[in-house]
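Notes follow once the structure below has been shown.
The values are calculated or read from the model by the stated rules, or taken from the named source; none is laboratory data. What you see is a predicted model, and the numbers here were worked out from it, not measured in a lab. Please note: Cβ atoms are built from the backbone with ideal geometry, for glycine as well, and neighbour counts cover all protein chains shown.
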């Protein structure tokens, strides 16, 4: 939290996206007993995998085990997690007028399993370890609703943006309203900060991000950041960084496609910055991995407000020892930088 | 070719990546009679689809109908185009020492079907319409060889880069040597310029591109550009543009992830620039499509050396009328800019 406030720290703090994930045998032991969505919806299990991963790795923060998409269910999206395939939406918003099928949430009581998990995790974590909540950014959630799953070219999403700006803005507004109360409820339940994931905005040109996405993401972040610091994470296109800055937040999350010092120069010293090791580096042999971590730390040496992370999530077949080594190397090398 | 030399033009010239492709009924009429690889290897048919597409659209250049991967066959790669799935490599370079299985080409006689196609196309095209040849950049070809097909995270490719720099450089050298004589033979057969496609380099950080890719791509381009102008096309990461400039070429090809004027400012006025409409724009209604084309043209108004193109290839379900409209709008709007 000191780094979030850009105060001096003893060593660079680190957490890892998807740190409670399939690469970890302790996670799989829990995961194998239930389905993915059952794990998300059972506070005791979500708590167990969150706290276990944080304790094994020794990270400086825990991130709530949850998923980007369950918030869409009470909004009217028919969501299923298909084994080996990931999330599938059976009623994607593709026909004319489809946006009317989506309901903005006026209450998030139906997502109470998330807030129960937050309270449990908060009670089990050491008091000096912050708990991070999170949600999808409106563009990323809109893309899921429209494409019905992952996408290569975001054709349906962009078609709606280009051809029906009214429907597009209505969709984004409903998502912002809903995600805003969802994040505030996570904070009320005990999260010290929240991350907004715009995992898919990198498919957009700067002009399109500015016109179709920026006003909505900005409104979301503004509505939340009086309650707790917001980490604004956007991946896939370094040319969007000046607009990511305009969208706001306390911490700017950056992927590996740009040097971290260059990204920080674009944001300015008034922002804290989170990132940005290429996650594939974890497959490298340990001395190479260490060099690559050092390069990230060196690029922002002497600046206050760096939170180390990967540029994207851990992958299932990565070695737990190498993931743990990331945390240890950051703590070792960060102390002298 | 005037635009390539950055001389004044009457209107902005335009061609379209994958302009001879599945969206076009006239292409499908030929394609349905043979397999994809037969089409590539039959000069008369490759000529027919190249010339037909150029004549239907009225583009200012034709691009040779060919594929990035057949050059790998005589190098030792077992390549198959699987219906509905695309290219599959049955013997990907993944085991230790695998790079030894790849042979650098000393002659491209075995690819003579490509040069026959070039000669045929050249004889059928109007003399004022340049014919563009092309090949894959070494990183993109190396990724195919190693991953065995498309990839999301390029894990095997990056593992080799990070863990065995000697093998990586040997692989890239073999590819550069082979692609160099392949492109020169295309030029000798009658191409007026050639494009080098680095379709996948956008997954790399600037530091990784600089260390592992730049020296090889630069050597390739230097070896070819005394013979004809080279279009250096790199997609997926605007933070690589300063390094793309270092890799060289006469024309810099740019995708839609950055404003074209910003990209050009990074390259400098001594380069011509090609791009950069988001291809998904073609799904927009015609007035919206026209506005989006105008925005690209306006962003570089008054500069000499702009060749209009999409930021990536045409998709199979796009409307031929809309693709043709791109060409017409560019010619109409470019005349006044």
Among A:195, A:186, which is more than 14 Å from chain B (Cβ to nearest Cβ), under 21 Å from residue A:73 (Cα atoms), part of a helix (DSSP H, G or I) and in contact with a strand residue (DSSP E or B) (Cβ under 9 Å, 6 or more places away or on another chain)?
A:186
Quick check on the stretch A:126-158: of everything there that is more than 14 Å from chain B (Cβ to nearest Cβ) and touching a helix residue (DSSP H, G or I) at 6+ places or on another chain (Cβ under 6 Å), which residue is farthest from residue A:59 (Cα to Cα)?
A:142
Among the residues of the stretch B:203-221, how many are surrounded by fewer than 22 Cβ atoms within 10 Å (Cβ to Cβ) and over 15 Å from residue B:172 (Cα atoms)?
3
Give me the helices (runs of 4 or more DSSP H) completely within the stretch B:43-157, filtered to those with at least 3 residues that are in contact with a strand residue (DSSP E or B) (Cβ under 7 Å, 6 or more places away or on another chain) and closer than 23 Å to residue B:323 by Cβ, ordered by residue number.
B:43-57
For the stretch B:171-184, indicate whether the set of residues that are at pLDDT 95 or above and under 24 Å from residue B:311 (Cα atoms) is non-empty.
yes
Evaluate the stretch A:306-315: report whether one residue or more is surrounded by fewer than 16 Cβ atoms within 10 Å (Cβ to Cβ) and in contact (Cβ under 8 Å) with a residue 24 or more places away in the chain.
no
Determine which single condition residue A:47 fails, assuming it passes every other condition in (1) over 30 Å from residue A:269 (Cβ atoms); (2) surrounded by fewer than 19 Cβ atoms within 10 Å (Cβ to Cβ).
(2)
Show me the helices (runs of 4 or more DSSP H) entirely contained within the stretch A:232-337 in which 3 or more residues are within 27 Å of residue B:152 (Cα to Cα) and away from every other protein chain (no Cβ under 14 Å).
A:320-334
Out of A:126, A:70, sole residue that is exposed (fewer than 15 other Cβ atoms within 10 Å of the Cβ) and free of Cβ contacts under 8 Å to residues at least 60 places away in the same chain
A:126
Reported set for the stretch A:129-159 where residues are within 14 Å of residue A:69 (Cβ to Cβ) and free of Cβ contacts under 8 Å to residues at least 40 places away in the same chain is A:142
Number of the condition not met by residue A:21 [criteria: (1) surrounded by fewer than 21 Cβ atoms within 10 Å (Cβ to Cβ); (2) assigned to a helix (DSSP H, G or I); (3) in contact with a helix residue (DSSP H, G or I) (Cβ under 8 Å, 6 or more places away or on another chain)]:
(2)
Tell me, please, whether a residue that is surrounded by fewer than 20 Cβ atoms within 10 Å (Cβ to Cβ), part of a loop (DSSP other than H, G, I, E, B), away from every other protein chain (no Cβ under 14 Å) and touching a residue at least 60 places away in the same chain (Cβ under 8 Å) can be found in the stretch A:160-175.
no
Against the condition touching a strand residue (DSSP E or B) at 6+ places or on another chain (Cβ under 9 Å), buried (at least 21 other Cβ atoms within 10 Å of the Cβ) and part of a helix (DSSP H, G or I), how does residue A:179 come out, does it pass?
yes
